[in-house]
1. Any chance segment 38-61 includes a residue that's at pLDDT 95 or above and among the basic types (Lys, Arg)?
2. Read through the list (1) without any contact (Cβ under 8 Å) to a residue 40 or more places away in the chain; (2) crowded, with 17+ Cβ neighbours inside 10 Å; (3) closer than 28 Å to residue 1 by Cβ, then give the number of the only condition that residue 66 fails.
3. Looking at (1) under 30 Å from residue 113 (Cβ atoms); (2) free of Cβ contacts under 8 Å to residues at least 12 places away in the same chain, which one does residue 16 not meet, given that it meets all the others?
4. Going through segment 58-92 one residue at a time, which ones are farther than 26 Å from residue 35 by Cβ, of a type outside the set (Asp, Glu) and not in a helix (DSSP H, G or I)?
5. Name the pairs: first residue in segment 109-123 and part of a helix (DSSP H, G or I), second residue open to solvent by 60 Å² or more (accessible area, probe 1.4 Å) and charged (D, E, K, R), Cβ to Cβ under 9 Å, at least 6 apart or on different chains?
6. How about segment 93-131: which of its residues are of a type in the set (Val, Ile, Thr) and open to solvent by 90 Å² or more (accessible area, probe 1.4 Å)?
Amino acid sequence: MLTRYLTNLSNGRLLLWCYFIWYLVVLVRYFDPNARLWLTSLGLSLIIGLALFISTAKAGATSVKLERWQVIRLFLMPFCVSSFSALVKGKGFVLIFSPRPPELITAVALCGLLCACVAVLRRRAQMVDIS
């Protein structure tokens, strides 16, 4: 099931997974157990996620039916952005880039590994289709 998912993963979704991997690397390294940080991020996620949902699914002349994961991403992205921002505040980051090379290397390597796996699986699927 995972193999099929990765084989058919669109480039856009692959990029979203790389964003999430980057977030997880930062989260693991800079985790802060402060409940206020997480509650603030959750609150912003609900407010912004609802606004994004309304603007994408309900604001046009006709309603648009979004897939379940599309809706989840509308709420997850503001949560990740706000918590990322709070976690790295005052840590010397430039945009999303850590000042510590090992963290950059880890995030890039994990994203590269995912991209390589997807490329290999896609190539393998093409070869099966050809024969």
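1. There is no residue in segment 38-61 that is at pLDDT 95 or above and among the basic types (Lys, Arg).
2. (2)
3. (2)
4. Correct list: 59, 60, 61, 62, 63, 64, 65, 66.
5. Short answer, once both residue conditions are applied: 121/4.
6. Keep residues of segment 93-131 that are of a type in the set (Val, Ile, Thr), which gives 94, 96, 105-106, 108, 118, 120, 128, 130.
Across segment 93-131, the qualifying residues are 94, 105, 120, 128, 130.
Every residue, every condition in (1) without any contact (Cβ under 8 Å) to a residue 40 or more places away in the chain; (2) of a type in the set (A, V, I, L, M); (3) over 30 Å from residue 124 (Cβ atoms), yes or no:
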{"residue": "20", "(1), (2), (3)": "no, no, no"}
{"residue": "23", "(1), (2), (3)": "no, no, no"}
{"residue": "27", "(1), (2), (3)": "no, yes, yes"}
{"residue": "45", "(1), (2), (3)": "yes, no, yes"}
{"residue": "58", "(1), (2), (3)": "yes, no, yes"}
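The values are calculated or read from the model by the stated rules, or taken from the named source; none is laboratory data. Since the structure is predicted, the reported quantities are computational estimates derived from the model, not experimental observations. FYI the Cβ positions are ideal-geometry reconstructions off the backbone, even for glycines, and counts take in every protein chain you see. All accessible areas refer to the heavy atoms of the entire protein, side chains included, with ligands and DNA or RNA removed. Shrake-Rupley method; radii C 1.70, N 1.55, O 1.52, S 1.80 Å.
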